Amino acid sequence: MASVNYKEQLAALVDSMLQEGLLDEQFTQLQTLQDETSPGFVAEVIAMFCGDTGTVFNEIETIMNQAVIDFQNVDPLVHRLKGSSCTVGAPKMKLACVQYRQFRDANDRQGCLSAVNLIKDEYNILRNKFETMLNLERMIQAGGTNKPNGK
């Protein structure tokens, strides 16, 4: 049964992400909300997180590419990223957002730039793992076949 193997792979991936500190108990709670009536709930939350976060990073990059960076315009965007990371249970990304705020409060321009890069790095690691997770989930939903429509 291929789908059992995909389920095992998915469980192992989530376990490793929890052990690495990429995910926390909030993600585990999200998983408990998924049932037969909403089998794609976690995948939907992940897709929304990745889509929204990508949009926020585009906005941050627009600000960062200006000749004079106005960090007051970056603040609410980083705050949004912090909230999103809390929602999916991504503590490393949340911590990077907190570090940004500390640098911002200290008026440390270079620290702010470094923190934004760290947030982006943490997101990219998380996004790559989430993509693998979503691919495994699709394989499970498809009954574990590699063929379109289960044929």
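The values are calculated or read from the model by the stated rules, or taken from the named source; none is laboratory data. Remember, predicted model here, so these are calculated numbers, not experimental data. Cβ: placed from backbone, ideal geometry, glycine included. Neighbour counts: every protein chain shown.
Observations
- Close contacts from region 84-99, counting a first residue that is closer than 16 Å to M17 by Cβ and in contact (Cβ under 8 Å) with a residue 12 or more places away in the chain and a second that is surrounded by 22 or more Cβ atoms within 10 Å (Cβ to Cβ) and among the polar types (S, T, N, Q), with Cβ to Cβ under 7 Å and a gap of 6+ residues or different chains, come to M93/S85; K94/S85.
- S85 meets all of the listed conditions (1) modelled with pLDDT of 95 or more; (2) among the small types (G, A, S); (3) farther than 26 Å from Y6 by Cβ; (4) surrounded by fewer than 19 Cβ atoms within 10 Å (Cβ to Cβ) but one, namely (4).
- Any hit, region 119-133, residues being surrounded by 15 or more Cβ atoms within 10 Å (Cβ to Cβ), under 21 Å from D52 (Cα atoms) and of a type in the set (D, E): yes
- Boolean, E8 is part of a loop (DSSP other than H, G, I, E, B) and of a type in the set (D, E): no
- Qualifying residue in region 31-40 (condition: closer than 14 Å to Y123 by Cβ, part of a loop (DSSP other than H, G, I, E, B) and in contact with an Asp or Glu (Cβ under 9 Å, 6 or more places away or on another chain)): no
- In region 80-115, the residues that are in a helix (DSSP H, G or I), under 13 Å from T53 (Cβ atoms) and of a type outside the set (S, T, N, Q): R80, L81, K82, G83, C86, V88, M93, K94, A96, C97
- Residues located in region 1-59, provided they are charged (D, E, K, R), closer than 12 Å to I140 by Cβ and surrounded by 13 or more Cβ atoms within 10 Å (Cβ to Cβ): K7
- Selection count, region 111-123, where residues are within 14 Å of P91 (Cα to Cα) and either among the β-branched types (V, I, T) or under 8 Å from the mean Cα position of the chain (by Cα) (or both): 2
- The residues of region 31-51 that are aliphatic (A, V, I, L, M) and under 13 Å from the mean Cα position of the chain (by Cα), listed by number, are V42, A43, V45, I46, A47, M48.
- Residue in region 19-32 that is of a type in the set (A, V, I, L, M, F, W, C) and without any contact (Cβ under 8 Å) to a residue 24 or more places away in the chain present: no
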